[in-house]
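The values are calculated or read from the model by the stated rules, or taken from the named source; none is laboratory data. Given the structure is predicted, the values throughout are model-derived calculations rather than measurements. All Cβ positions, even for glycine, are placed from backbone atoms using ideal geometry, and neighbour counts span all protein chains on display.
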Amino acid sequence: MKKTPLYQVHQDLGGKIIEFGGWALPVQYSGVLDEHHTVRNAAGLFDVSHMGEISVKGPEAGKYIQRIVTNDISQAKKNQVIYTPMCYPDGGVVDDLLIYKFDDEKYLLVVNAANTEKDYQWFRSNLQEDATIENISDKVAQIAIQGPMSEAILQKLTRINLADIPFYGFMDKIELDGVNALVSRTGYTGEDGFEIYLSPADAPGLWMKLLSAGEKEGLKPAGLGARDTLRFEAALPLYGQEISRDISPLEARLGIFVKLDKEVFMGKEALKKQKEQSPGRKLVGFEMIDRGIPRHDYRVRFDGKDIGYVTTGSYSPTLNKNIGLALLESAHAQVDKTIEIIIREKPLKARIIKLPFYKKRYKK
Amino acid sequence: MKIPEGIKYSKDHEWVKMEGNLAYLGITDYAQDSLGDIVFIELPAEGDVLASGQPMGVVESVKAASDVYMPLSGTVKKVNNVLLDNPESINKDPYDSWMIAVEPTDASELETLLDHVEYKKLCAKL
């Protein structure tokens, strides 16, 4: 198992370590529910050093990225972050990622931990433009501070006015109490917050400084468990569940990140065709009517027929309900429709509802 | 980790407390701690006849669902339905949160269960 630079800190602070995509990371500290509510109401601190970072530099770096992802980066400004899926020629998803634009010739791509090596190979094998690609994941640690109190806490460590960083914007070479870092107003919880990129050697020190800076505001360390329930309530997709090699971004409700009017990009033909014919499957949200918690891969039925499966399901701590996301045949993807989730071989009633389950509270 | 004296334990982390002719069953402190926040449970019905080792219910934390196994064979005489709406009480008080009470089919099965010293040893090895 790979260890992040914060591994020892997690051990010392009582984090419960599990294996996740080849990494040893805390699944929880005080408990998933407590951490979840803390992020919604105050702020939580996450170690996301397992995420992959890939740098793309060169005269045609922008042209290259524009061709390989589905979103349009041609209008992106310096210090802007763009979320995008990246597709295979058949429209399946290689990964979803964040693109940090430093300038026209320098970008940083942040990819899912478990996909880092696959993505790196994908980037290299599809390179035709004048650009260099480097996997710098081992040289970068990442800490996320998420929740409504995040800005007030992080502000204590820097002279930079954090209010100047807009939603999906970033600043590089910021000093956070003596530590050099890149800070973006991004996250994976549906709350306001920041993601901080820094040198691995500086990560344990900054982690401890943040915890003490946020003590009064109620900042707590949080684990992968809460990270998952938080992103799920906000209906943010997780690679391998809502999107995958076999699920297109159009099926996964990510159409606004697929710019079919772009001249050329990987997967364009397949996605265009899919859009014209309307995708065969659609991701929906549902809540249980009967008693039961839906889980990943549970089957969904209607009128005795199999119509799809649950991509993510859980008890929702914020809503105090059992809810799920499911990929269904499009004909059945109608709000208010009653469907059946097969839980331990029993068909249990659920109702399709509007997404997201939880309205994101971004500071825009 | 609480492992009280005077009750029996299974290797699957259930506890058994005899009161009169009924065996009260629940999950141990170790089990609730490993599961994390419990948010849902399923229990059998009164009158169900269940064999030792058979699943008698399900405990679900935020992250996952786990079966609870019968530590001995018996007929379900009482079901603690209060727990259905308050599954978190298993986290707070695992030994007060009995799930079902059964009339054992074979009293000798009780002897095959662990006492608190043996169970403590088992947990120490995990």
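Listing for the model above:
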| item | result |
| --- | --- |
| Given (1) surrounded by fewer than 24 Cβ atoms within 10 Å (Cβ to Cβ); (2) in contact (Cβ under 8 Å) with a residue 60 or more places away in the chain; (3) out of contact with any helix residue (DSSP H, G or I) (no Cβ under 6 Å at 6 or more places or on another chain), number of the condition A:Ala213 does not satisfy | (3) |
| Flag if A:Leu348 is of a type outside the set (Phe, Trp, Tyr), away from chain B (no Cβ under 14 Å), assigned to a strand (DSSP E or B) and closer than 30 Å to A:Ala226 by Cβ | no |
| Unique match (being out of contact with any Phe, Trp or Tyr (no Cβ under 9 Å at 6 or more places or on another chain) and over 22 Å from A:Pro200 (Cβ atoms)) among A:Ala43, A:Ala61 | A:Ala43 |
| Pairs, first within 14 Å of another protein chain (Cβ to nearest Cβ) in segment B:60-72, second of a type outside the set (Ser, Thr, Tyr) and not in a strand (DSSP E or B), C-beta under 6 Å, six or more apart | B:Glu60/A:Ile293; B:Ser61/B:Leu35; B:Ser61/B:Gly36; B:Ser61/B:Asp37; B:Val62/A:Val32; B:Val62/B:Asp37; B:Lys63/A:Gly225 |
| Condition check for B:Pro71: at pLDDT 95 or above, in contact with a Leu (Cβ under 8 Å, 6 or more places away or on another chain) and not aliphatic (A, V, I, L, M) | yes |
| Matching residues in segment A:87-110 - criterion: being touching a helix residue (DSSP H, G or I) at 6+ places or on another chain (Cβ under 6 Å) and assigned to a strand (DSSP E or B) | A:Val94, A:Asp95, A:Tyr107 |
| Segment A:19-56: number of residues that are farther than 14 Å from A:Arg227 by Cα and either modelled with pLDDT of 95 or more or out of contact with any helix residue (DSSP H, G or I) (no Cβ under 9 Å at 6 or more places or on another chain) (or both) | 10 |
| Candidate set: segment A:310-335, residues that are part of a strand (DSSP E or B), within 18 Å of A:Leu250 (Cβ to Cβ) and free of Cβ contacts under 8 Å to residues at least 60 places away in the same chain; chosen: the one nearest to the other protein chains (Cβ to nearest Cβ) | A:Ala326 |
| Matching entry among A:Ile136, A:Ile153 (being among the aliphatic types (A, V, I, L, M), more than 24 Å from A:His36 (Cβ to Cβ) and at pLDDT 95 or above) | A:Ile136 |
| Selection from segment B:29-63 of residues that are charged (D, E, K, R) and assigned to a strand (DSSP E or B) | B:Glu42, B:Glu60 |
| Number of positions in segment A:1-17 that are surrounded by fewer than 21 Cβ atoms within 10 Å (Cβ to Cβ) and β-branched (Val, Ile, Thr) | 2 |
| Conditions (1) closer than 30 Å to A:Asp34 by Cβ; (2) out of contact with any His (no Cβ under 6 Å at 6 or more places or on another chain); (3) within 14 Å of chain A (Cβ to nearest Cβ); number of the one not met by B:Tyr30 | (2) |
| Residue that is part of a loop (DSSP other than H, G, I, E, B), touching a residue at least 60 places away in the same chain (Cβ under 8 Å) and farther than 15 Å from B:Pro44 by Cα, where the choices are B:Tyr95, B:Tyr119 | B:Tyr95 |
| Subset of segment A:177-193 (residues that are assigned to a strand (DSSP E or B) and either surrounded by fewer than 22 Cβ atoms within 10 Å (Cβ to Cβ) or not assigned by TED's automatic domain parsing to the domain that holds A:Ala42 (or both)) | A:Val179, A:Asn180, A:Leu182 |
| Residue count, segment A:277-301 (criterion: modelled with pLDDT of 95 or more, away from every other protein chain (no Cβ under 12 Å) and touching a Ser or Thr at 6+ places or on another chain (Cβ under 8 Å)) | 4 |
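Table: residues versus (1) under 20 Å from the mean Cα position of the chain (by Cα); (2) surrounded by 21 or more Cβ atoms within 10 Å (Cβ to Cβ).
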{"position": "A:Glu19", "(1), (2)": "yes, no"}
{"position": "A:Ala24", "(1), (2)": "yes, no"}
{"position": "A:Val32", "(1), (2)": "yes, yes"}
{"position": "A:Gly58", "(1), (2)": "no, no"}
{"position": "A:Arg67", "(1), (2)": "no, no"}
{"position": "A:Asn71", "(1), (2)": "yes, yes"}
{"position": "A:Pro89", "(1), (2)": "no, no"}
